[in-house]
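Student: The structure is given below, and queries will be raised subsequently.
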Amino acid sequence: MVGLIHTIADLRAVTDKCRAGGGAVGLVPTMGYLHEGHRSLMRPARRECDLVVVSIFVNPLQFGPAEDLDRYPRDLDADLAACRDEGVDLVFAPTVGEMYPRGAPLTTVHVAGLTDGLCGAFRPGHFDGVTTVVTKLFAITGECRAYFGRKDAQQLAVVARMVADLDLPVTVIGCPIVREADGLALSSRNAYLSDEDRRVAPVLSRALFAAVDAAHTGERDPRRLVATARKILDAEPRITVEYLDCVDLETLQPIERLGFRALLAVAIRLGATRLIDNVVLETDPVG
């Protein structure tokens, strides 16, 4: 039976007790509405840790004024069932008041450089909200292994750099993207898609994997790889491309030529829904 707690004090008591007994703590930070992608993070946590905690918190700091905070999907009962199925020990589901008892915090965490491009250019303040809440979760949980999906590649890079820069006692684990059979990367926001938009959505991964195929056959010019993917996206009139960039996987800076590892990342608008996806391009490119 998965335990459900709502307070910081209760979570600290449990994680401190686990470590005091020599156990390892695994943390899977989420905003809930859990799907197979989230489950794929719980499984290595379960294998590698003695205590597995899934946090469920829709963090208002990372939503802009015109974004989907109020309509972000929520289903705590289904989330608890998913966590129970995956052998999670504890779900931490705090209220906004528990996480921010004095209102919006005066102290925030900013990771320079890595947050300037890609999603950061289109969602001002988003990553400061992410890094602030993740820092709080790490401070509350204490020493742990934290599991993040690679679909949010920029978020993963930002969190990993934050942990390194601040010497936090956290090991950040990046886990592979999980896709539907037709290639669409799993996301809680997929629930927003109309039937017609859902039919169109797999063009996103088709475009990216066309660039993967080009890299496999020897193309090393990032501009041509981007053009290969862009041609496929532009052929679908229902899609508006926010960005499609090829960057260094670690620094997230634009590159002149494909090196050992590069990230091809994209964000689109499909109807009222914003979707992101990415692939890693390397000697043997993988998604």
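Read the figures in this text as sums done on the coordinates, not as results from a lab. Please read all numbers here as calculations on a predicted model, not as lab measurements. Here the Cβ positions follow ideal geometry from the backbone for every residue, glycine too, while neighbour counts run over all protein chains shown.
Student: Could you name the aspartates and glutamates whose alpha carbon sits less than 14 Å from that of Lys231, not counting residues in the same chain fewer than 8 places away?
Tutor: Leaving aside aspartates and glutamates fewer than 8 places away in the same chain, those within reach of Lys231 are Asp245.
Student: A follow-up question, please. Once both labels are modelled 7 Å past Cα along the beta-carbon direction, what's the Arg223-Arg46 spacing in nm?
Tutor: My value for the distance between the label points is 5.0 nm.
Student: Same structure, new question: Calculate the FRET efficiency for Leu4 and Glu36 from the Cβ-Cβ distance with a Förster distance of 25 Å, rounded to the nearest 0.05.
Tutor: For R0 = 25 Å, the calculated efficiency reads 0.70.
Student: Here's a follow-up. 7 Å from Cα along Cα→Cβ at both Asp248 and Arg199: what's the point-to-point distance in nm?
Tutor: Spacing of the two 7 Å Cα→Cβ label points: 4.4 nm.
Student: Could you state the number of Å between the C-alpha centres of region 225-254 and region 53-88?
Tutor: Region 53-88 and region 225-254 have Cα centres separated by 28 Å.
Student: Right, another one. Once each part is reduced to its C-alpha centroid, what is the distance from region 113-185 to region 1-36 in angstrom?
Tutor: Going from one Cα centre to the other spans 18 Å.
Student: Kindly put Leu90, Leu186 in sequence by how many other C-beta atoms sit within 10 Å of each C-beta, fewest to most.
Tutor: Numbers: Leu90 21, Leu186 18.
Arranged by neighbour count, lowest to highest, Leu90, Leu186 become Leu186, Leu90.
Student: Which FRET efficiency, nearest 0.05, do Arg257 and His216 yield, Cβ-Cβ r, R0 22 Å?
Tutor: Using R0 = 22 Å, I get an efficiency of 0.85.
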